Each structure stands twice: as C-alpha cells, then as structure tokens.
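**Q** Got a structure for you, questions after.
The values are calculated or read from the model by the stated rules, or taken from the named source; none is laboratory data. Nothing here was measured: the structure is a model prediction, and the numbers come from that model. For neighbour counting, all protein chains shown are included, and Cβ atoms are generated from backbone atoms with ideal geometry for every residue, glycine included.
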Amino acid sequence: MEQIEKSIDRYLAAMDTAGYNVQSAVDAKHHLIVTHEVTNDGVDRDQLSSMAKQTRAAMGVEVLSAVADRGYFKGEEILACQEAGITVFVPKTLTSGATAAGRFGKGDFIYDAAKNEYRCSAGQSLIWRFSSVEKGLKLHRYWSSHCQGCALKERCTPSPERRVSRWEHETVREDMQFRLGQAPEMMRIRHQTVSAT
C-alpha cells in the first residue's frame, strides 16, 4: 500500500512485477516507425525528450516537431525538448481538483509577467509571496489578501485564500499550449498516426 501511495499514478501491478513499456516514434508522413525503445517505466511522462532526440537523430534532421498525447505531458520533458530545439505539441493533463469540484482552475487566473502577479476573476491581484523547491522544481506562490470578503470566494476556494503556484519555467508550458491552440490539426495528426498497442 505504501508503494501505491508513493506512486504518482496510484497503481501497482501486484502480479506482473516485470512490466515493459514500448515507446515508438512514427514519421507522420509515411506512417513508419523511426525509432523505438523498451523501458520498464510504467508511464510515458518521462519519455518525451529522449524519444524526440532519438527521432531527430534517426531522421537526420535539424528541425523536428513532435506530437504526443497527454500521457507525455511533463514540464521538465517539454523544457528539455525546447532546449534541444525540438518543437513539441502535447495537450495538458486534466488534473485540477478545483475544476473537477466546479471551482475556478488555474487557467482562470491570468499571469502578468511585467508585474509578476496573477489576476483573478474578481479583478484582484494575487501577488508573489515566496518561492520553494518541491520535487526538484522551483515554484513561486501567489495569493491575495482580499479573498475573505470576495463575492466569488465560494466558486474559488474553500481555504482562507486561493493560492496559485507557478513553476519557474511555466512559460515553456504556456507557449506550448498556445502553439497547440493555434494548430489544433496537430492532435488530429497524432490520432491518425500509427501507435504501438
């Protein structure tokens, strides 16, 4: 049970202790597997940059656009691809507990880079309060002191104030989501491309 609690996916295969995960990269134009890899990592989210770099090398190209499903969404992997000059298109995972509960999600808060603050739906500023490192990621924390008397508080948070976290490289994820919004056909291409089963 302790292993399940520590696992981000909250899943443990009790019977099948030796599991394998086949990764494959497919040329979308020709529908041919360009490269593949077998790992014993049970999830895909740590595989994006490795597979994208292997694909670029196998294809002998300098410029590469990689499209993957939301199981590959991980900020550090997206950043590694950007640093390698690989453009990625991966939809964001849907993990907001607030949104699932019918409250405002992080996407409802608008970040103002010039002021380094967020603006909420009520027009209040969530200012930077502190930074911390969690699981190796530097996160900045923002909140407003005006939540207690806010008419929208019930739709926002059950806590005394709504807090928003921002990864130090959040713009990498935001830029990718913007690209995906500008090119929705990329996900159609992903769904039409051969996938290992």
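**Q** Within the stretch 129-141, is there a residue that is surrounded by 14 or more Cβ atoms within 10 Å (Cβ to Cβ) and charged (D, E, K, R)?
**A** So the first thing to find is which residues in the stretch 129-141 are surrounded by 14 or more Cβ atoms within 10 Å (Cβ to Cβ), and the list is 139-141.
With charged (D, E, K, R) added as a condition, the list becomes 141.
Within the stretch 129-141 (the criterion being surrounded by 14 or more Cβ atoms within 10 Å (Cβ to Cβ) and charged (D, E, K, R)), the answer is yes, since at least one residue qualifies.
**Q** In the stretch 163-193, what count of residues is obtained for those that are at pLDDT below 95 and part of a loop (DSSP other than H, G, I, E, B)?
**A** Going through the stretch 163-193 one residue at a time, the tally reaches 3.
**Q** Tell me which residues, restricted to the stretch 91-120, are at pLDDT below 95 and in a loop (DSSP other than H, G, I, E, B).
**A** Selection gives P91, K92, T93, L94, T95, S96, A101, G102, R103, F104, G105.
**Q** Another question, if that's okay. Looking at the structure I just gave you, is S96 closer than 21 Å to V43 by Cα and free of Cβ contacts under 8 Å to residues at least 24 places away in the same chain?
**A** Spelling it out, S96 is indeed closer than 21 Å to V43 by Cα and free of Cβ contacts under 8 Å to residues at least 24 places away in the same chain.
**Q** Moving on. So which residues in the stretch 60-81 are without any contact (Cβ under 8 Å) to a residue 60 or more places away in the chain, surrounded by 14 or more Cβ atoms within 10 Å (Cβ to Cβ), in contact with a strand residue (DSSP E or B) (Cβ under 9 Å, 6 or more places away or on another chain) and outside any strand (DSSP E or B)?
**A** Those that are without any contact (Cβ under 8 Å) to a residue 60 or more places away in the chain, surrounded by 14 or more Cβ atoms within 10 Å (Cβ to Cβ), in contact with a strand residue (DSSP E or B) (Cβ under 9 Å, 6 or more places away or on another chain) and outside any strand (DSSP E or B): Y72, E77, A80, C81.
**Q** Next question. Output the residues belonging to the stretch 142-197 that are surrounded by fewer than 17 Cβ atoms within 10 Å (Cβ to Cβ) and among the hydroxyl-bearing types (S, T, Y).
**A** S145, S159, S165, T171, T193, S195, T197
**Q** Of the conditions (1) under 20 Å from Q47 (Cβ atoms); (2) more than 15 Å from the chain's Cα centre (by Cα); (3) surrounded by fewer than 13 Cβ atoms within 10 Å (Cβ to Cβ); (4) β-branched (V, I, T), I86 clears all except one; give me its number.
**A** (3)
**Q** Please work out which one of (1) within 23 Å of P184 (Cβ to Cβ); (2) among the hydroxyl-bearing types (S, T, Y); (3) at pLDDT below 95 is the condition T35 fails and give its number.
**A** Among (1) within 23 Å of P184 (Cβ to Cβ); (2) among the hydroxyl-bearing types (S, T, Y); (3) at pLDDT below 95, the lone unmet condition for T35 is (1).
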